[in-house]
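Chemist: Provided herewith is a single structure, encoded as structure tokens, for subsequent inquiry.
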Amino acid sequence: MPIDAANPVPPVFPRHVGMDQVPAHVPPELIRQSGLTVGPDFLAGPHDFMAAMHEKQPPIYYDVSPMGNMWHLIKHEDALFGLRHPEVFSNEGATPFPRDPSDYFYFIPIEIDPPEHRKYRNIVDPVFSPQGVLRLEGQIRQRANDLLDAIEAKVEAGEGCEYTEDYGRPLPVSVFLDIMGLPQSMRDEFVEWAVQLLHSNSREAMGEAMQKITVYLKSAIAEKKANPDDGVVSRIAHAAPDGVPLSDKEIFGFVCFLFIGGLDTVFATMNNIWLYLAQNPEKLEEIHRRPDDIDKIVEELLRRWSVTFSGRVLEKDYEMRGVQMKKGDRVTFVLPACNFDPDVFPNPKEVDFDRPRKTILAFTVGVHSCMGAHLARLEVKIGLQEWLKRIPKFSVKPGTEIEYRPGGVIGPEHLPLVW
Amino acid sequence: MAKVTYVDHTGAAVEVDIEVGENVMRGALYNGIEGITGECGGGLSCATCHCYVDEAWTDAAGGPSSEAEAELLESAAAEVKSTSRLSCQLVVTEALDGLVVHMPEHQF
């Protein structure tokens, strides 16, 4: 059912958790406790785990997990289909961030299905289009070089480089603040809030982080309403599609969603890629040798190291591959697993910059395709180019144990590098 | 501004004004034309903005603008013809004022 974005109400879909809450229509032979995002095997090597799902699991199975029970779909073909049929696989209620039920809002546009969805995307698409993000190129290069200055100074002083804190996190946050029109002085606080919201794995801590983010963003919106500028917060605050200004809840839900969507996914992606390059110097060499192929290099790295999932809720009963799913069931498209589908990407774990071009699922597909995809690509590209100009061959600091924490965005927690 | 006409698979045509410099995919999205999906937003990763340039305009519009466009066109859902383009790569210019594009029945 289309939802009224101006009058948000919390969803009523039941949330099932644990083995005693498996609905009766789920065939027992399809029930798994796969451990995706939470189990020790997953945390020991998340991407290897997701690549191996094609050998260990059926294409569609019902996963029972402390994070909630749901169908998992791992085939590339099924993800393309499901994500392109919002009338079956709806986004309403499918976003897991806690919100105050007495002051409920929708994350816009991700929780809004068509046709209302396009109205919101049109507000920001010019900024986030390939041509739009190119306007930020100089500024992103500058931010990257500022961070590299600091890294070189630290390394010279004998402190070493902790990649995630020194580059992987601050770079996308700085860029985000620039694009939103928010002050760079907020950078470290934003990082802290995002980490608490997305990595604490406690609904209480998530709620606290959400509270702090809410207070800040509401004041930022009020400020932009009074003093318009060309940043995205102001653009949203003053938007009036078809002459109708957005309501306060729409503005807040939109800005808040960009905060959540735009930070952690890029850090995790960069952290994964740099870890891989630290461990695979021959690929680093290859990237150095092929500067003109940077776009396809980035695309293949995004396929191999994608970091997140797409959650949906069944809008009606639906059967796929002989599996009967019911209205209200939750579904997760395991996007990184889909990017390892051997039917589409033969020898899927191999990083091969010359693969034939196929739709990758790093940014999902369908109407809810990531609006920040072009920005993310540009950040990864510039992040790599500027790093490669200044930092020699690097490796993981000896003795480091690479750790992953449970959560919906996958990347190493810490990555000390040496060169 | 330039005029672009979008013709759907049933033959129904809609003419819209698009700013010079904007691409034909976005022109469709901004004007609510349904035959173009454009889900990746112009990133050359989805092939859901496939169109056929009208025979009268193929010389002016030209063929695929890059190897990437030509490669990705191969994964378009509808039949690929010699006039096929990804409309996100087809930028509206003064010379294309009056352009006519035909849209396939399905984008995926």
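The values are calculated or read from the model by the stated rules, or taken from the named source; none is laboratory data. None of these values were measured; they are calculated from a predicted model. All Cβ positions, even for glycine, are placed from backbone atoms using ideal geometry, and neighbour counts span all protein chains on display.
Chemist: For residues that are assigned to a helix (DSSP H, G or I) and facing chain A (nearest Cβ under 10 Å), scanning just the stretch B:35-72, find the one that is surrounded by the most Cβ atoms within 10 Å (Cβ to Cβ).
Modeler: B:72
Chemist: Now for a different question. Kindly indicate whether any position in the stretch A:248-262 is crowded, with 21+ Cβ neighbours inside 10 Å, outside any helix (DSSP H, G or I) and of a type in the set (Phe, Trp, Tyr).
Modeler: Taking every residue of the stretch A:248-262 in turn, none turns out to be crowded, with 21+ Cβ neighbours inside 10 Å, outside any helix (DSSP H, G or I) and of a type in the set (Phe, Trp, Tyr).
Chemist: What pairs come up if the first residue lies in the stretch B:4-23 and is on the phi < 0 side of the Ramachandran plot and exposed (fewer than 15 other Cβ atoms within 10 Å of the Cβ), the second is polar (S, T, N, Q) and modelled with pLDDT of 95 or more, and their beta carbons are under 8 Å apart, counting only those six or more places apart or on different chains?
Modeler: That search, which allows pairs on different chains as well, returns B:13/B:5; B:15/B:5; B:20/B:93.
Chemist: Give me the pairs: first residue in the stretch A:396-418 and polar (S, T, N, Q), second residue not in a loop (DSSP other than H, G, I, E, B), beta-carbon distance under 7 Å, and six or more apart or on different chains, which are they?
Modeler: Sorted first by the residue in the stretch A:396-418, then by its partner, the pairs are A:400/A:416.
Chemist: Can you tell me which condition residue A:384 does not meet? The list is (1) over 19 Å from residue A:410 (Cα atoms); (2) touching a Pro at 6+ places or on another chain (Cβ under 9 Å); (3) of a type outside the set (Val, Ile, Thr), and all the others hold.
Modeler: Among (1) over 19 Å from residue A:410 (Cα atoms); (2) touching a Pro at 6+ places or on another chain (Cβ under 9 Å); (3) of a type outside the set (Val, Ile, Thr), residue A:384 violates only (2).
Chemist: Given the condition farther than 27 Å from residue A:396 by Cβ and surrounded by 15 or more Cβ atoms within 10 Å (Cβ to Cβ), answer yes or no: does some residue in the stretch A:162-175 qualify? Break it down into steps so the answer makes sense when it comes.
Modeler: The first filter runs over the stretch A:162-175 and keeps only residues farther than 27 Å from residue A:396 by Cβ, leaving none.
Looking for residues that are farther than 27 Å from residue A:396 by Cβ and surrounded by 15 or more Cβ atoms within 10 Å (Cβ to Cβ), one finds none in the stretch A:162-175, hence no.
Chemist: In the list A:30, A:36, which residue meets the criterion of being modelled with pLDDT of 90 or more, within 22 Å of residue A:74 (Cα to Cα) and within 21 Å of the chain's Cα centre (by Cα)?
Modeler: When all the criteria are applied, what remains is A:36.
Chemist: Report, by residue number, each residue of the stretch A:363-372 that is of a type in the set (Gly, Ala, Ser) and within 9 Å of chain B (Cβ to nearest Cβ).
Modeler: The answer is A:366, A:369.
Chemist: Taking the options A:319, A:413, A:350, A:386, name whichever one is at pLDDT 95 or above, more than 14 Å from every other protein chain (Cβ to nearest Cβ) and part of a loop (DSSP other than H, G, I, E, B).
Modeler: Being at pLDDT 95 or above, more than 14 Å from every other protein chain (Cβ to nearest Cβ) and part of a loop (DSSP other than H, G, I, E, B) holds for just one of A:319, A:413, A:350, A:386, which is A:350.
Chemist: Another question about this same structure. Which members of the stretch A:262-309 meet the condition of being under 20 Å from residue A:339 (Cα atoms), touching a residue at least 60 places away in the same chain (Cβ under 8 Å) and of a type in the set (Gly, Ala, Ser)?
Modeler: Of everything in the stretch A:262-309, just one residue is under 20 Å from residue A:339 (Cα atoms), touching a residue at least 60 places away in the same chain (Cβ under 8 Å) and of a type in the set (Gly, Ala, Ser), namely A:268.
Chemist: Please enumerate the residues belonging to the stretch B:86-108 that are touching a residue at least 40 places away in the same chain (Cβ under 8 Å) and away from chain A (no Cβ under 14 Å).
Modeler: Correct list: B:93, B:94, B:96, B:97, B:98, B:99, B:100, B:101, B:102, B:103, B:104, B:105.
Chemist: Within the stretch B:80-89, track down each residue that is under 10 Å from residue B:51 (Cα atoms) and either among the acidic types (Asp, Glu) or in a loop (DSSP other than H, G, I, E, B) (or both).
Modeler: Those that are under 10 Å from residue B:51 (Cα atoms) and either among the acidic types (Asp, Glu) or in a loop (DSSP other than H, G, I, E, B) (or both): B:80, B:81, B:83.
Chemist: So residue A:136 ticks every box in (1) of a type in the set (A, V, I, L, M); (2) exposed (fewer than 15 other Cβ atoms within 10 Å of the Cβ); (3) modelled with pLDDT under 95; (4) more than 22 Å from residue B:87 (Cα to Cα) but one. Which box is left unticked?
Modeler: (2)
Chemist: Mind listing whichever residues of the stretch B:37-48 are within 22 Å of residue A:115 (Cβ to Cβ) and either hydroxyl-bearing (Ser, Thr, Tyr) or modelled with pLDDT of 95 or more (or both)?
Modeler: Matches in the stretch B:37-48: B:37, B:48.
Chemist: Among the residues of the stretch A:222-239, is there at least one that is acidic (Asp, Glu), assigned to a loop (DSSP other than H, G, I, E, B) and either surrounded by fewer than 21 Cβ atoms within 10 Å (Cβ to Cβ) or in contact (Cβ under 8 Å) with a residue 40 or more places away in the chain (or both)?
Modeler: Checked the stretch A:222-239: at least one residue is acidic (Asp, Glu), assigned to a loop (DSSP other than H, G, I, E, B) and either surrounded by fewer than 21 Cβ atoms within 10 Å (Cβ to Cβ) or in contact (Cβ under 8 Å) with a residue 40 or more places away in the chain (or both).
Chemist: If you don't mind, another one. For the stretch A:282-304, does any single residue satisfy the condition of being within 16 Å of residue A:169 (Cα to Cα) and not charged (D, E, K, R)?
Modeler: Checking the stretch A:282-304: not a single residue is within 16 Å of residue A:169 (Cα to Cα) and not charged (D, E, K, R).
Chemist: Which condition from (1) farther than 23 Å from residue A:15 by Cα; (2) within 14 Å of another protein chain (Cβ to nearest Cβ); (3) not acidic (Asp, Glu) is the one that residue A:335 breaks?
Modeler: Going through (1) farther than 23 Å from residue A:15 by Cα; (2) within 14 Å of another protein chain (Cβ to nearest Cβ); (3) not acidic (Asp, Glu) one by one, residue A:335 breaks only (1).
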